Amino acid sequence: MSEMIYLDYCATTPLHPAVVEAMMGPLENTFGNASSLHQEGRAAAELLASARRRVAESLGAAGDEIIFTSGATEANNLALFGIMRAQPPARRHLIVSAIEHHAVLHAAEQLQAEGYALTVLPVDQAGLINPEELRRAIRPETALVSIMMVNNEMGVIQPIAELAAVVREQGVLFHTDAVQAVGTMPVNVDALEIDALSLSGHKIYGPKGIGALYLRKGTTLNPMLFGGPQENQLRAGTENIPGIVGLGTALHLVSANKKNEIKRLGALRSMFIRKVQVSIPDVIIHGGEASQAAHILSIAFPDADAEMLLFRLDHAGISASMGSACNAEAIEPSHVLLALGIPPALIGATLRFSFGAGTTEEQLDRVLEILPQLVKQSKDSTRDG
């Protein structure tokens with residue numbers, strides 16, 4: 001194949017040309033520090049304020065509820081450490097789900113090591129949290145619940161509004177990692193009635209190294225970085241103006257086209273599933289009948305070796321993944337698929353295909369032309385080995 005076919009949009013997305021154009025101004029010309037009072041500083045501050053408004057409007061939030069960070073990992077850490085460390089001694093219990101990104105799970109485990117109580121909620125075979133199980137897990141000392149909106153490995157969409165309502169009834173704060181959601185589904189923090197939300201620029205055709213935390217007005221949070229008064233004194237450090245402008249532009253662009261893109265990607269995903277089930281009848285689609293994001297497909301090829309298959313796809317010019325790119329070098333099976341009760345052997349035969357703006361039906365048809373043969377080769381090699 002002469003053209004590379006990129007099907008790993010969950011790992012990262014290419015920069016949108018309009019984002020590149022928007023970032024060139026602050027990269028080349030508006031070099032001032034946004035905290036400076038002179039002309040160059042005021043120009044940078046205006047770009048910062050404009051981008052903040054764009055991010056806020058895209059989420060249904062107010063501008064002073066947006067904290068810019070270096071990415072979603074920092075935003076998740078800031079939400080968990082910042083909120084929990086601001087609690088009184090009687091409120092030191094945190095609840096997360098078993099299928100969170102490691103940026104949440106490892107932060108939660110660190111809090112547990114510091115003496116905080118932690119509950120990790122199980123999921124069902126489709127990857128869903130049971131609202132009643134969440135209700136039963138909440139205790140008088142519970143301060144925060146963190147459940148991701150769309151799982152990055154297998155695409156299940158949690159009923160965030162319903163879960164947040166359960167949490168709110170108990171007077172507990174609710175945070176969601178919305179990294180895989182803000183670009184591909186409606187997200188309005190007021191409609192969801194959540195208290196905190198994390199997002200990342202490079203998952204929505206923006207630059208790497210920039211993200212944001214939405215924090216509902218009135219929510220107490222202890223900063224993790226100390227120094228200057230930036231971001232309402234909640235995140236010290238000179239602002240990354242080019243990155244922030246890129247994030248604001250990217251979020252504005254995906255929000256404007258979201259309805260059409262959800263429909264297009266959903267149709268491509270359904271088509272791919274239908275055709276792959278015909279050409280490779282024993283495939284297993286993880287997640288079953290649960291609500292799935294339009295751009296993510298986790299699929300197992302029983303008796304094949306996913307790593308071998310991934311390399312063969314790459315050699316053929318097709319980029320996919322075995323799951324989270326943040327965990328690509330780990331030898332342990334995916335914690336997400338293990339939480340669904342999937343046996344390790346089947347996890348080792350699982351690939352993730354994730355679709356985006358550049359994905360076309362013609363590309364997927366070309367993948368489906370070569371995939372059955374690659375799967376057969378992998379199965380034969382596994383048996384021979």
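Yes or no, residue by residue, for (1) open to solvent by 60 Å² or more (accessible area, probe 1.4 Å); (2) assigned to a helix (DSSP H, G or I):
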| position | (1), (2) |
| --- | --- |
| 22 | no, yes |
| 30 | no, no |
| 40 | yes, yes |
| 47 | no, yes |
| 67 | no, no |
| 76 | no, yes |
| 89 | yes, no |
| 96 | no, no |
| 107 | no, yes |
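Hey, among 243, 248, 323, which residue is at pLDDT below 95, open to solvent by less than 50 Å² (accessible area, probe 1.4 Å) and in contact with a helix residue (DSSP H, G or I) (Cβ under 8 Å, 6 or more places away or on another chain)?
None of the others qualify; the one that does is 323.
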- prompt: Which of the following residues is in a helix (DSSP H, G or I), in contact with a helix residue (DSSP H, G or I) (Cβ under 8 Å, 6 or more places away or on another chain) and among the β-branched types (Val, Ile, Thr): 166, 187?
  reply: 166
query: Within segment 155-184, how many residues are β-branched (Val, Ile, Thr), crowded, with 24+ Cβ neighbours inside 10 Å, over 19 Å from residue 136 (Cβ atoms) and at pLDDT 95 or above?
result: 4
- prompt: Can you find even one residue in segment 196-211 that is part of a loop (DSSP other than H, G, I, E, B), over 30 Å from residue 379 (Cα atoms) and basic (Lys, Arg)?
  reply: yes
message: Among the residues of segment 290-308, what is the count of those that are part of a loop (DSSP other than H, G, I, E, B), open to solvent by less than 50 Å² (accessible area, probe 1.4 Å) and either aliphatic (A, V, I, L, M) or within 15 Å of residue 126 (Cβ to Cβ) (or both)?
response: 4
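The rows are residues; the columns are (1) out of contact with any Pro (no Cβ under 8 Å at 6 or more places or on another chain); (2) in a helix (DSSP H, G or I); (3) among the basic types (Lys, Arg); (4) open to solvent by 70 Å² or more (accessible area, probe 1.4 Å).
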{"position": "253", "(1), (2), (3), (4)": "yes, yes, no, no"}
{"position": "268", "(1), (2), (3), (4)": "yes, yes, no, no"}
{"position": "277", "(1), (2), (3), (4)": "yes, yes, no, yes"}
{"position": "288", "(1), (2), (3), (4)": "yes, no, no, no"}
{"position": "310", "(1), (2), (3), (4)": "yes, yes, no, no"}
task: Could you check how many residues of segment 118-129 are more than 28 Å from residue 71 (Cβ to Cβ) and surrounded by 15 or more Cβ atoms within 10 Å (Cβ to Cβ)?
output: 2
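Does segment 312-326 hold any residues that are under 30 Å from residue 159 (Cβ atoms), among the aliphatic types (A, V, I, L, M) and either touching a Lys or Arg at 6+ places or on another chain (Cβ under 9 Å) or not in a helix (DSSP H, G or I) (or both), and which are they?
Hits for segment 312-326 are 320, 322.
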- prompt: Based on what the data block shows, is residue 12 assigned to a loop (DSSP other than H, G, I, E, B) and either open to solvent by less than 30 Å² (accessible area, probe 1.4 Å) or closer than 25 Å to residue 355 by Cα (or both)?
  reply: yes
- prompt: In segment 185-204, which residues are closer than 30 Å to residue 358 by Cα and buried (at least 24 other Cβ atoms within 10 Å of the Cβ)?
  reply: 187, 197, 198, 199, 200, 201, 203, 204
- prompt: When residues of segment 119-140 are filtered for being within 22 Å of the chain's Cα centre (by Cα) and at negative phi, how many remain?
  reply: 13
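The values are calculated or read from the model by the stated rules, or taken from the named source; none is laboratory data. This structure is a prediction, so every number in the text was calculated from the model and none was measured. Positions of Cβ are backbone-derived with ideal geometry, glycine not excepted, and every protein chain shown enters the neighbour counts. Ligands, DNA and RNA are stripped out before the accessible areas are found, and what is left, the full protein with its side chains, is counted by its heavy atoms. Shrake-Rupley method; radii C 1.70, N 1.55, O 1.52, S 1.80 Å.
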